[in-house]
1. How far apart, in nanometres, would the label points at GLN11 and GLU43 be if each is projected 7 angstrom from Cα along the Cα-to-Cβ direction?
2. Could you work out the local net charge near ARG157, counting Lys and Arg as +1, Asp and Glu as -1, over the other residues with Cβ closer than 11 Å to its Cβ?
3. Calculate what fraction, in whole %, of the accessible area of the chain sits on carbon and sulfur atoms when a 1.4 Å probe is rolled over the protein chains.
4. Taking the highest mean first, how do the peptides 76-89, 26-39 order by number of other beta carbon atoms within 10 angstrom per residue?
5. Express the relative contact order of the range 1-149 as a whole percentage, based on alpha carbon pairs under 8 Å and six or more residues apart in sequence.
6. Is the range 73-164 best put as rounded, prolate or oblate by its Cα gyration tensor, with a ≥ b ≥ c the root eigenvalues, rounded for a/c under 1.5, and otherwise prolate when a/b is larger than b/c, oblate when not?
7. At 0.36 nm per residue, minus the direct Cα-Cα distance, what do GLU98 and LEU160 gain on full extension? Give it in nm, one decimal, please.
8. Which value, in debye to the nearest 20, gives the size of the charge dipole of the range 84-134 about its Cα centre, when Lys and Arg are +1 and Asp and Glu are -1 at the Cβ?
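The values are calculated or read from the model by the stated rules, or taken from the named source; none is laboratory data. The model shown is predicted, which means the values in this text are computed figures rather than measured ones. Cβ placement follows ideal geometry from the backbone for every residue including glycine, while neighbour counts extend to all protein chains displayed. All accessible areas refer to the heavy atoms of the entire protein, side chains included, with ligands and DNA or RNA removed. Shrake-Rupley method; radii C 1.70, N 1.55, O 1.52, S 1.80 Å.
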Amino acid sequence: MREQAEISTPQEAANNALVLAFGRLQGAANRLGYILGRSLEQECGISHLMYEVLLILGRAGEPGLSMRAVAQEQVLTTGGATRLVDRMEAVGLVERAEDPGDRRGRLVRLTRKGAQTTVAASRVHMENIHRYFLEPLPPEDRDRFAEDLRILSHAARDELPRLP
């Protein structure tokens, strides 16, 4: 695959190896996101975005995370994160608690139901990841592919502006 190519026609643009490779990555991510997200909604009653927030909070542990940290992790505005957490709180998945390091601050953390939902949803999600994400790949390529995705994800994350 050439790093740079002169593109002078729509056909050259549409058939450029780099453009095609990135389009395939995007298409695969969109399709897999839809398939796996639909399964989480049908089997666990939560959206994929809610599941991601449950995982973020599960990684953080006690005492929880600020709304800003949740927003930054999910590349959401603080308003978008607040609305999402409001919905999750309404169904008992998360709660807001006082921040022990800041009397004015509030932290978001998992409830017992949120922890149980995280575990149940993760079992469903892992089965689907194996089925739709790993099984189509040759076994000898799976670890390298996962590592390459980690590298790409971190490189892209590092290019994003930090929220104030």
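1. Placing both labels 7 Å along Cα→Cβ, they lie 4.6 nm apart.
2. On the way: positive: ARG150, ARG162; negative: GLU73, ASP158, GLU159.
After counting each charged neighbour, the total is -1.
3. Numbers: 6130 of 11450 Å².
In the chain, the share of accessible area belonging to carbon and sulfur is 54 percent.
4. Values: 76-89: 16.4, 26-39: 13.1.
Top to bottom by mean Cβ count within 10 Å: 76-89, 26-39.
5. On the way: 125 pairs, mean separation 31.2, N = 149.
Taking the mean separation of contacting Cα pairs over the length of the range 1-149, I get 21 percent.
6. Numbers: a/c = 2.93, a/b = 1.53, b/c = 1.91.
Note, shape of the range 73-164 comes out oblate.
7. Working: separation 62, 0.36 × 62 = 22.32 nm, distance 2.92 nm.
Gain on stretching GLU98 to LEU160: 19.4 nm.
8. Numbers: 10 positive and 7 negative charges, 16 e Å.
Using only the charged Cβ atoms, the result is roughly 80 debye.
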